Each structure stands twice: as C-alpha cells, then as structure tokens.
Amino acid sequence: MIKAFSKILTIGAALAGLCAGTAHADYMEGAAVKLRALDKVMGRTQDLEIPIGETLRFGTLDLTVRKCLKRPPEETPETTTFLEIRETPQDEDEQLLFMGWMFASSPALNALEHPVYDVWVIDCMMSSGDASPSKE
C-alpha cells in the first residue's frame with residue numbers, strides 16, 4: 001500500500017511538471033508547506049505551516065500534507081503540493097473532500113470545493129521555519 005502510494009506521488013510530481021509546462025524540471029522537496037485557509041463565513045484567512053506527513057485541523061477540516069515540491073530558483077517559480085483534506089462534521093463520519101496536487105501558480109486548477117472553506121498553496125518551506133522568497 002505504501003509502495004503504491006509512493007509511486008502515485010512520483011507520477012503526480014511528473015504530471016505536475018507537465019501541467020506547469022516543463023516536463024524535466026528538477027524539483028526540490030520541502031520539509032513543510034505554507035497554506036492559506038479562508039473561512040468564508042467569518043471572512044478571515046489564516047496562514048498554516050504544516051510539516052510533511054502531519055495533519056493540522058482548520059475548522060472542521062483535517063489537512064494532511066503528503067509532499068511539497070518547489071522548482072529551483074533559476075527556473076520559473078512553481079510550488080506543487082499533494083494534499084489530503086478530510087472533513088469531520090459534528091456527530092458525523094469523516095469524509096474525504098480532496099486528495100490531489102495543488103499548484104501555487106494556479107490555485108483554481110485543482111481546488112477544494114467547499115461551501116465554507118477555501119485552501120490554497122502559498123509556498124514550500126525548505127527547512128523548518130525558513131521560507132524561501134516566493135513570487136506567487
């Protein structure tokens with residue numbers, strides 16, 4: 001199961017390069033991802049930093065980051081993140097809302113569709129607490 005999941009992530013990374021217009025870009029793997037989450041009811045955004053492999057709760061959403069890739073500085077800027085987003089409404093079973101790649105340069109390309117929340121990628125953190133400059 002884990003081997004198959006790893007293969008999906010590898011294939012997805014290659015597809016991310018194709019979708020972004022460069023099939024052979026060497027991506028750097030990040031240690032964490034910086035996301036921005038919007039609560040549409042309250043009208044507030046919050047920046048979230050989530051280490052790879054960990055889950056963070058935002059409202060009723062559980063955000064799990066599986067992989068974060070970033071192009072080298074000499075390439076056209078792009079940050080790509082593989083996310084799982086699950087929701088656990090009060091007194092209900094957990095539901096998988098989103099599982100896939102999100103792109104910082106094209107947030108609408110593969111977005112979470114939810115009536116209350118929006119989530120999008122801001123940056124890939126290369127080491128704990130250090131953000132490299134991003135032009136997205």
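The values are calculated or read from the model by the stated rules, or taken from the named source; none is laboratory data. Computed from a predicted structure; not experimentally measured. Positions of Cβ are backbone-derived with ideal geometry, glycine not excepted, and every protein chain shown enters the neighbour counts.
See the values below:
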| read-out | value |
| --- | --- |
| Subset of region 80-104 [surrounded by 18 or more Cβ atoms within 10 Å (Cβ to Cβ) and more than 16 Å from P115 (Cα to Cα)] | T80, T81, F82, L83, W101, M102, F103, A104 |
| Output for region 36-79, where each listed residue is without any contact (Cβ under 8 Å) to a residue 40 or more places away in the chain, charged (D, E, K, R) and exposed (fewer than 15 other Cβ atoms within 10 Å of the Cβ) | R44, E54, R57, E74 |
| Odd one out for S127, checked against (1) under 15 Å from E29 (Cα atoms); (2) at pLDDT 95 or above | (2) |
| Criterion violated by F98 - all others in (1) under 23 Å from V41 (Cβ atoms); (2) outside any strand (DSSP E or B) satisfied | (2) |
| Subset of region 15-27 that is surrounded by 14 or more Cβ atoms within 10 Å (Cβ to Cβ) and not β-branched (V, I, T) - its residue that is modelled with the highest pLDDT | Y27 |
